[in-house]
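The values are calculated or read from the model by the stated rules, or taken from the named source; none is laboratory data. Just so it is clear, the model here is predicted, and its values are computed rather than measured. Note: ideal-geometry Cβ built from the backbone for every residue, glycine included; neighbour counts use all protein chains shown.
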Amino acid sequence: MNEEYSDFREWLKNTKSLSKDSATDVVSRIKRAKAIMEIDLPIDIDTLLFHFIGKPAFKNLATTVKSQLKRAIKLYKEFNSKI
């Protein structure tokens, strides 16, 4: 497990009542979003989503994957605002 996201993963399990597997999936989506955007999080959520949605790599994803990535970004932003 990546130590960088261990607190986030625990927060997802404890605060959002996600299972271990679901929390790990959210972390994986954050890593994928970072790779698409080639940025470091956290940044302003509105700015991120505005630029993220315009990327060809995002546009080519399935609708469900786009939704999952957006949700993961919002959860990560919420986590970072709490710490």
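Could you list, in sequence order, the residues of segment 10-27 that are part of a helix (DSSP H, G or I), closer than 16 Å to GLN68 by Cα and not hydroxyl-bearing (Ser, Thr, Tyr)? Before you say what the answer is, go through the steps one by one.
Step one: list which residues in segment 10-27 are part of a helix (DSSP H, G or I), which gives 10-15, 20-27.
From what is left, the residues that are closer than 16 Å to GLN68 by Cα are 12, 21-27.
LEU12, ASP21, ALA23, ASP25, VAL26, VAL27, listed by residue number.
Suppose we keep only residues that are hydroxyl-bearing (Ser, Thr, Tyr) and under 12 Å from the mean Cα position of the chain (by Cα) within segment 39-79. Which one would you say is modelled with the highest pLDDT?
Taking segment 39-79 and keeping what is hydroxyl-bearing (Ser, Thr, Tyr), we get 47, 63-64, 67, 76.
From what's left, under 12 Å from the mean Cα position of the chain (by Cα): 67, 76.
Details: SER67: 92, TYR76: 87.
Looking at the filtered set, the residue picked out is SER67.
Considering segment 1-31 alone, what residues qualify as being more than 15 Å from the chain's Cα centre (by Cα) and among the polar types (S, T, N, Q)?
Selection gives ASN14, THR15, SER17, SER19.
Would you mention how many residues in segment 4-14 are surrounded by 11 or more Cβ atoms within 10 Å (Cβ to Cβ), modelled with pLDDT of 95 or more and over 11 Å from LEU75 (Cα atoms)?
Residues in segment 4-14 being surrounded by 11 or more Cβ atoms within 10 Å (Cβ to Cβ), modelled with pLDDT of 95 or more and over 11 Å from LEU75 (Cα atoms): 2 in total.
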